[in-house]
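Right, one structure below, let's go through it.
The values are calculated or read from the model by the stated rules, or taken from the named source; none is laboratory data. Since we're looking at a predicted model, the values are computed, not measured. All Cβ positions, glycine included, derive from the backbone under ideal geometry; neighbour counts span all protein chains shown. Accessible surface areas use protein heavy atoms only, side chains included; no ligands, DNA or RNA. Shrake-Rupley method; radii C 1.70, N 1.55, O 1.52, S 1.80 Å.
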Amino acid sequence: MTYKLPNLLYKYSDLEPFFDTKTMEIHHKKHHQNYINNTNLILKKNNIKDIEINKLISNLNKLSIPSSQKKFLRNNAGGHANHSFFWKILKKNTQPNNIILNILKNEFSNLENFKKKFEEKALNFFGSGWIWLVKKKNILKIITTINQDNPLMDNDNKLINIPIIGLDLWEHAYYLKYQNQKNLYLKAFWNVLNWDKITQLLLNK
Ligand code: MN3
């Protein structure tokens, strides 16, 4: 058994005009598929059974694979985990409910301030990576990760950063539509963020 490209719960065109059809299609069918193919290749080479992808990326240090292949696996398994998560938190026309608004109010004063902080941090992030809202115990934090790293990686101290929101900051995620205008991509994101899913993730545990 190997990892497979997850089906989206919507059509590539469903997030228009904010996330365009062509980008969604290439991003899912080509980029994500490529991370999966590469992950499968390394696991096969090393006779490692595929476990649930988030478990795999949480335990990378424990896998017995040649050190020359570790970075490659980290990047590609991370890519699979990140994109699988990302697709699930996208949907048009949802609104944050009062529970979420109150939680964000506690941590960030209000929704608008949260969005502003998130956008600022994403804009100031240099290179390719991801921005996240994570929950550690009961504290919410905005963090960034480089390459295809995921907040679940390197949590040896058991204080796990649980991803609540994740946004792809690689140029492939927005360049066709927004070119160098990363700020417009960030603003567009709020229109396709699935607040129902975020509520569910926040209230889990
Ligand atoms: Mn991507």
Notebook entry, point to check: Going through the range 38-47 one residue at a time, which ones are touching a helix residue (DSSP H, G or I) at 6+ places or on another chain (Cβ under 8 Å) and surrounded by fewer than 15 Cβ atoms within 10 Å (Cβ to Cβ)?
Noted result: 45, 46
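Here's the yes/no breakdown for (1) more than 23 Å from residue 132 (Cα to Cα); (2) within 16 Å of the ligand (Cβ to nearest atom); (3) not assigned by TED's automatic domain parsing to the domain that holds residue 183:
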| site | (1), (2), (3) |
| --- | --- |
| 28 | no, yes, yes |
| 33 | no, yes, yes |
| 36 | no, yes, yes |
| 43 | yes, no, yes |
| 52 | no, no, yes |
| 55 | no, no, yes |
| 62 | yes, no, yes |
| 82 | no, yes, yes |
| 107 | no, no, no |
Next item on the list: Mind telling me which of the residues 131, 164, 139 ends up being modelled with pLDDT of 95 or more, more than 16 Å from the ligand (Cβ to nearest atom) and under 24 Å from residue 113 (Cα atoms)?
Entry: 164
Item checked: Unique residue being crowded, with 16+ Cβ neighbours inside 10 Å and within 11 Å of the chain's Cα centre (by Cα) when the list is 161, 76, 150 -> 150
Notebook entry, point to check: Yes or no: residue 184 out of contact with any Phe, Trp or Tyr (no Cβ under 8 Å at 6 or more places or on another chain), under 24 Å from residue 21 (Cα atoms) and either open to solvent by 50 Å² or more (accessible area, probe 1.4 Å) or of a type in the set (A, V, I, L, M) (or both)?
Noted result: no
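Among residues belonging to the range 49-68 that are within 18 Å of residue 81 (Cα to Cα) and open to solvent by less than 40 Å² (accessible area, probe 1.4 Å), point out the one that is farthest from the chain's Cα centre (by Cα). Walk me through it before giving the result.
Within the range 49-68, the subset within 18 Å of residue 81 (Cα to Cα) is 49-63.
With open to solvent by less than 40 Å² (accessible area, probe 1.4 Å) added as a condition, the list becomes 50, 53, 56-57, 60, 63.
On the way: 50: 20, 53: 13, 56: 16, 57: 13, 60: 18, 63: 23 Å.
Filtering first and then ranking leaves 63.
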